[in-house]
Amino acid sequence: MNQFMSGALAAVLIVSQPAFAESFRCGQWIASEDMSVEELLQKCGAPTQKTSETIDVYGPSVSGAGRVKRGTSVIEKWTYDRGSQAAPMVVTIVDGKITSMERGS
């Protein structure tokens with residue numbers, strides 16, 4: 001198989017792969033979305049940057065007409081700097097639960 005065909009085949013395989021949750025290495029550990037916040041802190045330590053935002057949560061009113069405030073939700077973004085050779089990882093935590101991990105810019 002020539003070099004062009006190998007590259008084309010690799011591109012097709014990459015495009016056809018389903019999206020997987022991001023994970024990243026913290027020393028000897030792999031951090032993933034299915035771990036708890038406590039486990040993330042134990043294995044990766046404190047993030048290099050942390051932001052927090054409280055938003056209002058709305059739902060339908062009892063009568064079904066309109067929306068009413070049902071409470072609040074806390075959204076945190078933790079950034080782990082992984083050095084000059086790798087993009088930082090941004091961990092999103094909603095109400096104390098990790099909801100996503102993605103490469104930052």
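The values are calculated or read from the model by the stated rules, or taken from the named source; none is laboratory data. In this text the structure is predicted, and so the values were computed from the model without any measurement. Glycine gets a Cβ as well: all are built from the backbone with ideal geometry, and neighbour counts include every protein chain shown. What goes into the accessible areas is simple: the full protein's heavy atoms, side chains included, and nothing from ligands, DNA or RNA. Shrake-Rupley method; radii C 1.70, N 1.55, O 1.52, S 1.80 Å.
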Pair list, Cβ under 8 Å, 6 or more apart: region 23-47 residue assigned to a helix (DSSP H, G or I), other residue of a type in the set (A, V, I, L, M): Val37/Ile93; Val37/Ile98; Leu40/Ala31; Leu40/Val91; Leu40/Ile98; Lys43/Ala31; Lys43/Met35; Cys44/Ala31
In region 15-54, residues that are open to solvent by less than 60 Å² (accessible area, probe 1.4 Å), touching a Lys or Arg at 6+ places or on another chain (Cβ under 7 Å) and modelled with pLDDT of 95 or more total 0
Could you check region 56-90 and list, in sequence order, the residues that are of a type in the set (A, V, I, L, M), out of contact with any Asp or Glu (no Cβ under 8 Å at 6 or more places or on another chain) and either outside any loop (DSSP other than H, G, I, E, B) or open to solvent by less than 80 Å² (accessible area, probe 1.4 Å) (or both)? Val57, Ala65, Val68, Ala86, Ala87
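Can you say whether Ile93 is open to solvent by less than 40 Å² (accessible area, probe 1.4 Å), touching a residue at least 60 places away in the same chain (Cβ under 8 Å) and in contact with an Asp or Glu (Cβ under 7 Å, 6 or more places away or on another chain), as far as the supplied structure shows? Before the answer, list the steps.
On the way: open to solvent by less than 40 Å² (accessible area, probe 1.4 Å): yes; touching a residue at least 60 places away in the same chain (Cβ under 8 Å): no; in contact with an Asp or Glu (Cβ under 7 Å, 6 or more places away or on another chain): yes.
No; evaluated as a whole, the condition is false for this residue.
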Tell me which residues, restricted to region 91-105, are part of a loop (DSSP other than H, G, I, E, B) and modelled with pLDDT of 95 or more. Asp95, Gly96
